[in-house]
1. Which one, 121, 254, 88, projects farthest toward the positive side of the charge dipole computed for the chain from Cβ point charges (K/R +1, D/E -1)?
2. Rounded to the nearest 0.05, what FRET efficiency do residue 204 and residue 70 have when you use their Cβ-Cβ distance and R0 = 35 Å?
3. Normalised by the empirical 2.2 N^0.38 Å for globular proteins, what value does the Cα Rg of the chain take?
4. For a paramagnetic label modelled at 7 Å from the Cα of residue 356 toward its Cβ, which residues of the range 409-446 fall within the zone defined by backbone nitrogen distances under 14 Å?
5. At a Förster radius of 41 Å, what calculated FRET efficiency corresponds to the Cβ-Cβ distance of residue 112 and residue 441, to the nearest 0.05?
6. Between residue 41 and residue 420, what FRET efficiency comes out of the Förster formula 1/(1 + (r/R0)^6) with R0 = 56 Å and r the beta carbon distance, rounded to 0.05?
7. When the distances between all Cα atoms of the range 79-238 are binned every 5 Å from zero, what whole-number percent does each bin get?
8. Which of the residue pairs 125/349; 125/386; 397/441 have a Cα-Cα distance greater than 27 Å in the structure shown?
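Read-outs: derived from the displayed coordinates by stated rules, not from any lab. On a predicted model such as this, the values are computed, not experimentally measured, just so you know. Reconstructed Cβ throughout: ideal geometry from the backbone, glycine too, with neighbour counts over all protein chains shown.
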Amino acid sequence: STGENGSGGGRSGALSSPAITEEVQKIDVNPPKGTRDFPPEEMRLRTWLFRNFREVSRLFGFEEVDFPVLESEALFIRKAGEEIRDQLYCFEDRGNRRVALRPELTPSLARLVIQKGKSVSLPLKWFAVGQCWRYERMTRGRRREHYQWNMDIIGVPEVMAEAELISSIVTFFKRIGITASDVGFKVSSRKVLQEVLRCYSVPESLFGKVCIIIDKIGKIPMDDIKKDLMSAGVSEEAVEELLQVLSIKSLTKLEEILGGAGEAVAELKKLFSLAEKFGYSEWIEFDASIVRGLAYYTGIVFEGFDREGKLRAICGGGRYDRLLSTFGGDDLPACGFGFGDAVIVELLKDRGLLPELSLQVENIVCALDVNLQGAAARVASILREKSQSVELVLESKPLKWVFKRAARINAHKLILVGSSEWQRGMVVVKILSSGEQYEVKLDELE
Ligand SMILES: Nc1ccc(Br)nc1
């Protein structure tokens, strides 16, 4: 059988001019380590995923924003020992500036909010879908880039904002066929940690660092967690109490331990009550061990997980009320989440929920005579001006090739431009699914 190019499957290609000889510099055709190409099939899935990100953001009244992939390194330099800092893809540019490929979007969003200052009215509800980077030693063979969907609410101090954000993610999951049996959200508050640390007079300045260490529970041995906490300045007694509290999975139990007077319990109870009203109670559960691995969270934190426990966190977020003021901006309350484009695809594959996406071109237009190429181009333009997609056969090809091509692009109609019909101002239309064929006047094409 012949390939699409009408030859023995090999590439006929244009004849290279023997007179011109250029030095061949053979390149590696693969993308850099840890990065991905998106050929058409993968790009269709990505476009489908991002279309759902954007549709949910629209449903919640959020406005899309974007920022440079390249940012000042200073945006991401935090002293709490985060993994995101250890893996910063940073360098000095030709102007001797320290810059970095963004590892996340929140600092850029905070920067833009501060830049806009009083010119924007609160609350701000912004979303972005952007590529984020990390430089990880390839020993672990993990990716170095992924696309993240972020939604952020700036200017709302109450947990209604977090409840709205979780509702948007639930809405997204439902749209793509994921149910509460597939995934859930583990929810807690860093104020739980804060209240325990205060009981043991641990300085507030240690808070970020302690959170980052706690976030490593389950990733490194518990003895190392304890050692790291104590070398950070937390007493052995406080460490024991802290780890005890972090094992709590019930809000009632937490209230028994912390008492009902603190903000942590009150906010969490409010959030669970709002979840009931939003109608997503079955999706969320309290888990005191959830702290998330970013230093700037200050309150409610949450992460989406797969109930089979096979995958890494699907998404995560929380309240970060201090980030803008640490950048020199106003003391604005803020919360948001990040949702990566990789784990969700693994989950969809696991659950057999990957959508069937194929190239769909409505029309394929072909001249039956090399002298009618111009006529075929005219037909294509008429259809395209009517917002109809058209694959125009650009070279003289056997009909067998044209039908094969039409099948590959799932064309609905084949438009044949033949000389006898053209002289009568007509073309032949063939409905490829039924084989029905008829002549149409050029100005009646639709
Ligand atoms: N922050 C970050 C960036 C890139 C990847 Br892949 N994972 C996490």
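1. Working it through, the farthest residue towards the positive pole turns out to be 88.
2. Numbers: r = 33 Å, r/R0 = 0.95.
That gives a FRET efficiency of 0.60.
3. Details: Rg = 28.8 Å, N = 446, 2.2 N^0.38 = 22.3 Å.
For the chain, the normalised Cα radius of gyration is 1.29.
4. 410
5. Values: r = 54 Å, r/R0 = 1.33.
After rounding, the FRET efficiency stands at 0.15.
6. On the way: r = 40 Å, r/R0 = 0.72.
My answer for the efficiency is 0.85.
7. 1, 7, 11, 13, 16, 18, 17, 11, 5, 1, 0
8. On the way: 125/349 31 Å; 125/386 36 Å; 397/441 24 Å.
Going by Cα-Cα distance, 125/349; 125/386 fall outside the 27 Å limit.
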